[in-house]
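To start, the structure itself, in structure tokens.
The values are calculated or read from the model by the stated rules, or taken from the named source; none is laboratory data. No experiment lies behind these values; they were computed from the predicted model shown. So basically every Cβ, Gly included, is an ideal-geometry build from the backbone, and we count neighbours across all protein chains shown.
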Amino acid sequence: MKAFFFDKMFETVVLSDTVFSVPSRYQKLAPLGVGAQGMVCSAYDTVTQQNVAIKKLSRPFQNVIHAKRAYREFKLMKLVHHKNIIALLNAFTPQASLEEFQDVYLVMELMDANLCQVITTELDHERLSYLLYQILCGIKHLHSAGIIHRDLKPSNIVVKSDCTLKILDFGLARTAGTSFMMSPYVVTRYYRAPEVILGMSYKENVDMWSVGCIMAEMIRGEVLFPGSDHVNQWNKIIELLGTPSLDFMMRLKPTVRNYVENLTYFEGSPFHELFPDEFFPSGSTDNDRLRADQARDLLSKMLVIDPEKRISVDGALMHPYIREWCEEGEVNAPAPDPYDDSVDEREHTVEQWKELIYQELKEYEVNHHIE
Ligand code: AMP
């Protein structure tokens, strides 16, 4: 029997030095951006007559880290369906056999810009709170599947001009090394929580720290903690927020604790100094001033070093700055099938990962027989 895969005609386009080999249904390819895994293009899908984004996972089998990440991302994209998480529309490889298998392409909904591009514009309270609400809904949904992101950042959040928002990725695998990845791509760590930086255990509200950093950046127009590495990152955090209590220090691993306790002590600054009125949309009505106070209050509850004292996702969704957006179907969408995160711990050779990804792709093609 001839697999439908062989019926597809592939066309090759070279875009900024990257070769894109895609089924001919995808036309008008144009570069959109580059991430840790490779390049993303926009394209027009002549079958569904919609614009799409196509991501080419560049050399996913160059090492075990890349291969595992590609497998995890593909698996999770297939599993999770929520309006604030990017949806997978198609997936393919132009190679016709496992022996030749090299490239993985993921086709997704096309959005207009990533959040880095939005941060530079001035946002009113309505837009700001609506964007945050959608990040929280997406995160809550991931949590309901047992996925704790830990690496949320503006470049991995995309928006449309109508202010709808989607999270692009699924963060760090449970056992991911957070420091070293053999790639020329510089990993952004500005949004990583103290638990991640200091190698502590973590729970769902680890993601609230990142949301706090993102919200702060949307208000200030610049990165809140632009650390050059983990050590510098920690210093930037305590300079602004103050050295955490002894109670927190006691929960650190002895070597980390020894280091952290010997750093200069900082008192930290109050939130009305970190985020003064002039940073907020310039409203003069009582309502605008109330909204600025509420925004500052939410920030002060998310940007808390000690996770035991930090707000939860549900707490943030119920906060006066956010709660007016809440809709049951968005906040409490049915949970996806739980993600089997034993995958994160599995050790395979590159060749074995390759075979696993190839099988997943074939399974996807059988279940999504769209010409
Ligand atoms: P990634 O490789 O997923 O980190 O994506 C790299 C960049 O490509 C992002 O920061 C976005 O600017 C852009 N991008 C990725 N996916 C999409 C999409 N579905 N719609 C619009 N832009 C996207």
Would it be correct to say that GLU267 is touching a Gly at 6+ places or on another chain (Cβ under 9 Å) and within 23 Å of VAL187 (Cβ to Cβ)?
no
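Got at least one residue in segment 310-320 being in a helix (DSSP H, G or I), over 22 Å from the mean Cα position of the chain (by Cα) and among the charged types (D, E, K, R)?
Within segment 310-320, not a single residue is in a helix (DSSP H, G or I), over 22 Å from the mean Cα position of the chain (by Cα) and among the charged types (D, E, K, R).
Restricting segment 77-115 to residues that are assigned to a helix (DSSP H, G or I) and in contact with a strand residue (DSSP E or B) (Cβ under 9 Å, 6 or more places away or on another chain), which is nearest to the ligand (Cβ to nearest atom)?
Residues of segment 77-115 that are assigned to a helix (DSSP H, G or I), as a first pass: 77-79, 115.
Still in the list and also in contact with a strand residue (DSSP E or B) (Cβ under 9 Å, 6 or more places away or on another chain): 77-78, 115.
Details: MET77: 11, LYS78: 16, LEU115: 8 Å.
Among them, the one singled out is LEU115.
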Hey, among the residues in segment 22-53 that are part of a loop (DSSP other than H, G, I, E, B) and within 13 Å of the ligand (Cβ to nearest atom), which one's nearest to VAL107 (Cα to Cα)?
GLN37
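Report the residue count in segment 264-292 for those that are part of a helix (DSSP H, G or I) and either in contact (Cβ under 8 Å) with a residue 40 or more places away in the chain or in contact with a helix residue (DSSP H, G or I) (Cβ under 8 Å, 6 or more places away or on another chain) (or both).
First pass over segment 264-292, keeping only residues part of a helix (DSSP H, G or I): 271-274, 277-279, 286-292.
Now narrow it down to the ones that are either in contact (Cβ under 8 Å) with a residue 40 or more places away in the chain or in contact with a helix residue (DSSP H, G or I) (Cβ under 8 Å, 6 or more places away or on another chain) (or both): 271-272, 274, 277, 279, 288-289, 291-292.
Within segment 264-292, residues that are part of a helix (DSSP H, G or I) and either in contact (Cβ under 8 Å) with a residue 40 or more places away in the chain or in contact with a helix residue (DSSP H, G or I) (Cβ under 8 Å, 6 or more places away or on another chain) (or both) number 9.
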Return the residue satisfying two criteria in turn: it lies in segment 53-70 and is surrounded by fewer than 21 Cβ atoms within 10 Å (Cβ to Cβ) and under 22 Å from SER342 (Cα atoms), and of such residues it is nearest to the chain's Cα centre (by Cα).
ILE65
Just to verify a result, which residue in segment 262-292, among those that are modelled with pLDDT of 95 or more and acidic (Asp, Glu), is farthest from the chain's Cα centre (by Cα)?
GLU267
Given (1) more than 15 Å from the ligand (Cβ to nearest atom); (2) of a type in the set (Val, Ile, Thr); (3) closer than 24 Å to LEU165 by Cβ, number of the condition VAL19 does not satisfy:
(3)
For LEU240, the lone unmet condition from (1) more than 18 Å from THR188 (Cβ to Cβ); (2) assigned to a loop (DSSP other than H, G, I, E, B) is (2)
Among the numbered criteria (1) over 17 Å from VAL158 (Cα atoms); (2) touching a residue at least 60 places away in the same chain (Cβ under 8 Å); (3) touching a helix residue (DSSP H, G or I) at 6+ places or on another chain (Cβ under 8 Å), which single criterion is violated by ILE65?
(3)
